[in-house]
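Below is one structure, written out as structure tokens; the observations come after it.
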Amino acid sequence: MCSVVLAAFQAGKNGCGFGGNGNAANAAAAETARQRQLGLRQAAVSVVIRKDAPGAANVGLGNGEQFVSGQCLSDDDCDSGCCATRARDGVCSAVAVANQDGKEGCGFFGIAVKPWQLGRKGRKELKR
């Protein structure tokens, strides 16, 4: 049955990717959506927004306008719907490659801070 990814686990459905068509991206997107619905996010990570980087104006807005490879604070920032964790930072990624090139999958959740807020130890995890 065709379904919107965010509803892939509702009403008795078992997610996307049925039929073994090799579309792992749909299954990964469905898993991200399921985690989002269940509220299974990691502890928030402090992130300094790189103001001089391309796409900096889109970071943290949650409007889905950030391009692939741009910095992000959550999946909601990215046009692809995937903010992958890479080196304790968020980077918009295509779902199909969210676990490649040092990335640790979709679902990164960060909080923007000013550089002076990090102190000497650098980035720290914040409890929600």
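The numbers here are math on the coordinates, done by the rules we state, and not lab data. All of these numbers come straight from a predicted model, not from anything done at the bench. Neighbour counts run over all protein chains shown; Cβ positions are idealised from the backbone, glycine included.
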inquiry  = Could you order the peptides 53-59, 108-114, 77-83 from most to least packed, using the average number of other C-beta atoms within 10 Å per residue?
reply    = 77-83, 108-114, 53-59
message = Multiplying the sequence separation of residue 63 and residue 100 by 0.36 nm and subtracting their Cα-Cα distance, what value in nm do you get?
response = 10.8 nm
